[in-house]
1. Condition test on LYS43, is it modelled with pLDDT of 95 or more, on the phi < 0 side of the Ramachandran plot and among the charged types (D, E, K, R)?
2. For the chain, give me every one of the strands (runs of 3 or more DSSP E) that falls completely inside it and has 2 or more residues that are surrounded by fewer than 10 Cβ atoms within 10 Å (Cβ to Cβ).
3. Of the conditions (1) in contact with a strand residue (DSSP E or B) (Cβ under 8 Å, 6 or more places away or on another chain); (2) modelled with pLDDT under 95; (3) of a type in the set (Val, Ile, Thr), ILE25 clears all except one; give me its number.
4. Look through the stretch 46-83, keep the residues that are over 30 Å from CYS11 (Cβ atoms) and hydrophobic (A, V, I, L, M, F, W, C), and return whichever of them is modelled with the highest pLDDT.
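The values are calculated or read from the model by the stated rules, or taken from the named source; none is laboratory data. Keep in mind the model is a prediction, meaning the values are calculated, not measured. Cβ: placed from backbone, ideal geometry, glycine included. Neighbour counts: every protein chain shown.
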Amino acid sequence: MFSVPKKKYNCIVCGRVFPEGQGIIIEYDGLLLTFHSNRCASKFFRELLERVPPDELKDYIKRLVSEYNERLEAFRKLRSKKI
């Protein structure tokens, strides 16, 4: 049996090497963001939010929070007991 070597990635936060199928890999507008764990991804995005001026992101964050709230409400309605 032949085994196909998996692609290896380097975490951009801590530098750890991890195989394809593990970690978090995000392609965004030609950028490849690779994180070996959700902790590294959280650290990166927390720093990104601290550096981007709030007036540039505030509206997008409000819209996204609203969309998630709508999804949660729809899910709650589906789960509620119907008498």
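1. Judged against the criteria, LYS43 is a match.
2. 24-28
3. The number of the failed condition is (2).
4. Residue satisfying both the conditions and the ranking: LEU72.
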